Amino acid sequence: MKLLQIENSSTVPKYKQIVLSIEMAIADERLFRNDKLPSVNKISLEFGISRDTVLLAYEELKKRGIVYAIPGKGYYVKSVEFSFEQRIFVLFDELNAFKEELYNSFLKAMDNRAQIDIYFHHFNLDMFKKLINESNGNYSKYIIMPTNLKGATPYIKGLPRQDVYILDQTNPELKDYPSVHQNFVTDIYNALLKGTSLLKKYQKLLLIFPGHKEPIGMVEGFQLFCNEFGFEYQIITDFIEEEIAKGSVFIIPNDEHLVNVIVQAKKQHFHLGTDFGIISYNDTSLKKVVENGITTISTDFKAMGQTLAEMVVNNKKEQLENPSQLILRKSL
């Protein structure tokens with residue numbers, strides 16, 4: 001890994017980027033006491049920045065007792081005992097049972113090795129922009145959950161590139177950023193494939209997809225499966241007190257719609273798992289017992305948090321798909 005990381009596109013002043021790079025190199029034990037730092041001229045030429053900018057960074061490090069200068073020779077590491085605590089900015093879309101499990105898993109795996117501040121954008125681009133801009137330059141790592149928020153990418157790209165991690169959902173515009181994410185196309189396709197033998201006793205598959213928060217990959221994987229295996233299917237945006245046709249299977253990303261479907265089925269005296277079926281998204285303890293068990297498609301949020309912490313601690317730069325599975329219960 002290069003000693004200095006300077007991003008021209010970042011809104012963080014370049015002298016601050018130099019200071020943070022040196023601090024992190026010492027904290028990561030890539031620099032030791034009395035190691036010589038790159039010369040002012042070398043940094044200036046390599047990154048196309050002024051000598052004054054480099055001198056400003058080195059003077060800041062001198063004031064803090066981290067480096068010292070020998071006239072005519074250069075700058076050297078003076079202390080590796082300074083207090084450097086990583087500060088991590090975490091931006092989630094919202095807090096729910098699944099995200100809480102993810103966050104708690106991440107905190108546990110980090111084991112107090114950083115100060116972690118969490119914020120929520122609630123799928124609001126103005127809030128997303130405000131939180132990103134206010135945090136820029138104040139943290140050593142940025143963990144961003146962009147979801148399907150249109151227009152979010154330019155603000156993410158304004159952060160120091162080497163310090164950004166994408167969580168849960170990614171997209172082609174962010175493909176070069178390290179991430180721990182779900183592959184919603186393959187996850188729903190593989191889950192339905194695993195349940196094919198049970199699905200065959202039903203006449204129609206319905207995906208309830210409002211499209212406000214849910215990733216479009218769900219639709220793509222759902223359609224791919226239905227077309228490939230000849231299932232009649234329909235995509236609806238809502239479900240409120242409408243008649244359920246016998247032989248229907250509902251794939252339900254939103255728990256509010258899950259409740260609505262179950263309530264309507266009771267009004268029609270339908271039996272879940274025989275008259276109609278349900279596959280819900282994201283497993284919880286409650287879904288193990290509701291209606292004798294709800295079948296779910298669920299990623300492992302605990303594993304997602306652990307993997308993310310490992311990437312951050314070890315400064316890994318990978319794009320990793322988080323494992324997902326179909327958990328079969330009586331609702332199918």
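Details
- Test result for N148, of a type outside the set (V, I, T), surrounded by fewer than 20 Cβ atoms within 10 Å (Cβ to Cβ), on the phi < 0 side of the Ramachandran plot and not in a helix (DSSP H, G or I): yes
- Residue within region 47-60 that is within 21 Å of N314 (Cβ to Cβ), open to solvent by less than 90 Å² (accessible area, probe 1.4 Å) and either under 31 Å from the mean Cα position of the chain (by Cα) or not hydroxyl-bearing (S, T, Y) (or both) present: no
- L272, sole failed condition from (1) among the hydrophobic types (A, V, I, L, M, F, W, C); (2) farther than 21 Å from L199 by Cα; (3) buried (at least 18 other Cβ atoms within 10 Å of the Cβ): (2)
- Conditions (1) part of a loop (DSSP other than H, G, I, E, B); (2) surrounded by 15 or more Cβ atoms within 10 Å (Cβ to Cβ); (3) more than 19 Å from the chain's Cα centre (by Cα): number failed by Y75: (1)
- In region 255-268, residue farthest from I216 (Cα to Cα) [restricted to those that are open to solvent by less than 50 Å² (accessible area, probe 1.4 Å) and out of contact with any Ser or Thr (no Cβ under 8 Å at 6 or more places or on another chain)]: Q268
- Of the strands (runs of 3 or more DSSP E) lying entirely inside region 162-241, those carrying at least 2 residues that are touching a Phe, Trp or Tyr at 6+ places or on another chain (Cβ under 6 Å) and open to solvent by less than 70 Å² (accessible area, probe 1.4 Å) are 164-168, 204-208.
- For V312, the requirement of being within 22 Å of L207 (Cα to Cα) and of a type outside the set (G, A, S) is not met.
- When region 244-255 is filtered for residues that are touching a helix residue (DSSP H, G or I) at 6+ places or on another chain (Cβ under 8 Å) and either in a loop (DSSP other than H, G, I, E, B) or over 10 Å from L207 (Cα atoms) (or both), the ones remaining, listed by number, are I244, P253.
The values are calculated or read from the model by the stated rules, or taken from the named source; none is laboratory data. In this text the structure is predicted, and so the values were computed from the model without any measurement. We place every Cβ from the backbone using ideal geometry, glycine too, and count neighbours over all the protein chains shown. For accessibility, only protein heavy atoms count, side chains too; no ligands or nucleic acids. Shrake-Rupley method; radii C 1.70, N 1.55, O 1.52, S 1.80 Å.
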